[in-house]
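Below: one structure, written as structure tokens.
What follows is calculated from the coordinates using simple rules that are stated; it is not laboratory data. All values reported here derive from a predicted model rather than from experimental measurement. Here the Cβ is made from the backbone with ideal geometry for all residues, glycine too, and neighbour counts use every protein chain on show.
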Amino acid sequence: MPLDHPSQERSSSPFQVPQLLVGRRAVVTGAARGIGKAIADAFDQAGATVFRLDINSSETVRGCDIADEESVKRALAEIAADGPIDDVVHAAAIGAVAPLADMPVADFRRVLEVNVIGAFLVAREGSRHLRHGGNLVLIASQYGLKGWPLWGAYCASKAGVLRLADALVGELAPRGIRVNTISPGSVDTEMVATTTANVARESGTDPAAIRAGYEAAIPMGRFAQPQEIAYVAVALCSGLCSYVNGSNIVVDGGELSR
């Protein structure tokens with residue numbers, strides 16, 4: 001292995017998140033697991049007061065179905081009732097893997113409802129409560145920038161998230177609200193493990209071989225860890241990125257460069 005090849009050990013080394021968000025009130029969707037949980041945890045470490053939303057509620061996560069208008073309106077209004085919201089980071093999403101020729105329209109529609117309509121609802125309701133100087137960050141995907149076989153529904157949905165964000169930049173800038181997106185590549189999450197298994201089933205291949213193929217396509221030679229996406233979200237919502245607006249930050253280990 002080349003000396004400059006990043007290792008898995010390097011990616012999981014301890015990192016102290018700087019106190020960049022002290023005094024800010026942040027809402028994070030999809031916060032029960034995966035990237036959303038990592039973002040919520042990182043915001044907490046950075047000093048923010050974090051309100052965690054997810055369809056799977058717990059003692060620390062408020063229940064919210066992002067595809068349901070009333071659920072989103074209620075959750076954001078209740079949080080805003082106790083004080084202004086500084087940052088909204090939308091990470092909730094679902095995946096679906098199947099050849100488009102075999103995919104029921106109900107399955108395709110469900111992906112769009114959660115990933116696109118959900119992003120719209122969170123952006124709309126979040127923007128109504130964001131204060132001047134606030135941030136809206138939508139988690140998109142490299143799959144919104146390029147199409148992959150078996151991922152048609154997901155690719156279409158994430159492309160929709162990117163274009164939605166583009167439209168919001170000009171609408172929200174006069175209110176002092178910045179809008180940015182993050183497009184992760186392959187991330188070591190439960191959702192990616194599940195969809196990788198589904199790809200293997202559809203293609204008659206071993207899941208380990210599918211993952212190895214994905215990793216071989218990444219110049220850094222590995223999947224991202226969720227916290228590596230979370231750190232980008234922290235930076236975007238901090239004063240370090242006060243002039244970053246309308247940007248899509250690709251965090252894919254260099255995969256799209258090939």
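Report the charge-dipole magnitude of the chain in Debye, nearest 20, computed about the Cα centre from +1 at each Lys and Arg Cβ and -1 at each Asp and Glu Cβ.
Numbers: 23 positive and 28 negative charges, 103 e Å.
Once rounded to the nearest 20, the dipole reads 500 debye.
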Once Lys and Arg get +1 and Asp and Glu get -1 on their Cβ, which of Gly160, His132, Thr181 lies farthest toward the positive end of the dipole of the range 132-244?
His132
For the range 251-258, just list the computed ³J(HN,Hα) in residue order, Karplus coefficients 6.51, -1.76 and 1.60, θ = phi - 60°, integers in Hz, with x standing in for Gly and Pro.
10, 10, x, x, 4, 6, 6, 8
Using the Cα gyration tensor of the range 43-86, with a ≥ b ≥ c the square roots of its eigenvalues, what is the shape: rounded (a/c below 1.5), prolate (a/b larger than b/c) or oblate (neither)?
oblate
Label-point separation, Ala101 to Glu70 (7 Å along Cα→Cβ), nm:
4.3
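For a test of the definition: using alpha carbon positions, the gyration tensor, and the 1.5 limit on a/c, classify the range 107-249 as rounded, prolate or oblate. Provide the component values of the computation, followed by the final result.
Details: a/c = 2.76, a/b = 1.72, b/c = 1.61.
Judged from the Cα gyration tensor, the range 107-249 comes out prolate (a/c at least 1.5, a/b above b/c).
I need the helices of the chain that pass two filters: whole DSSP H segments spanning 18 Å or more by Cα along the axis, and mean Kyte-Doolittle score no lower than -1.0.
Working: long enough: 152-172 (30 Å, 0.78); 190-203 (20 Å, -0.16).
In the chain, the long hydrophobic H runs are 152-172, 190-203.
Please work out how much length the chain gains when fully extended from Ala197 to Gln19, using 0.36 nm per residue of separation minus the C-alpha to C-alpha distance, in nm with one decimal.
Details: separation 178, 0.36 × 178 = 64.08 nm, distance 3.82 nm.
Length gained between Ala197 and Gln19: 60.3 nm.
Using helices alone, I'd like the mean residue ellipticity at 222 nm for the chain: each DSSP H run of four-plus residues gives -39500 (n - 2.57), total over residue count, nearest 500.
Numbers: 9 runs with 104 residues, N = 258.
The helix contribution divided over the chain gives -12500 deg cm²/dmol.
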Hey, how many Å between the Cα centroid of the range 14-52 and the Cα centroid of the range 114-156?
18
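Sort Glu113, Glu125 so that the residue with the fewest other Cβ atoms within 10 Å of its own Cβ comes first and the one with the most comes last.
Numbers: Glu113 15, Glu125 21.
The fewest-first ordering by Cβ neighbours comes to Glu113, Glu125.
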Note down the magnitude of the dipole of the range 44-176 about its Cα centre, charges +1 on Lys and Arg C-beta and -1 on Asp and Glu C-beta and zero elsewhere, to the nearest 20 debye.
380
Nothing charged except the Cβ atoms of Lys and Arg (+1) and of Asp and Glu (-1): what's the magnitude of the dipole of the range 150-207 about its Cα centre? Round to the nearest 20 debye.
300
Under the 0.36 nm per residue contour assumption, what length would be gained going from the current alpha-carbon distance of His132 and Leu240 to full extension?
37.2 nm
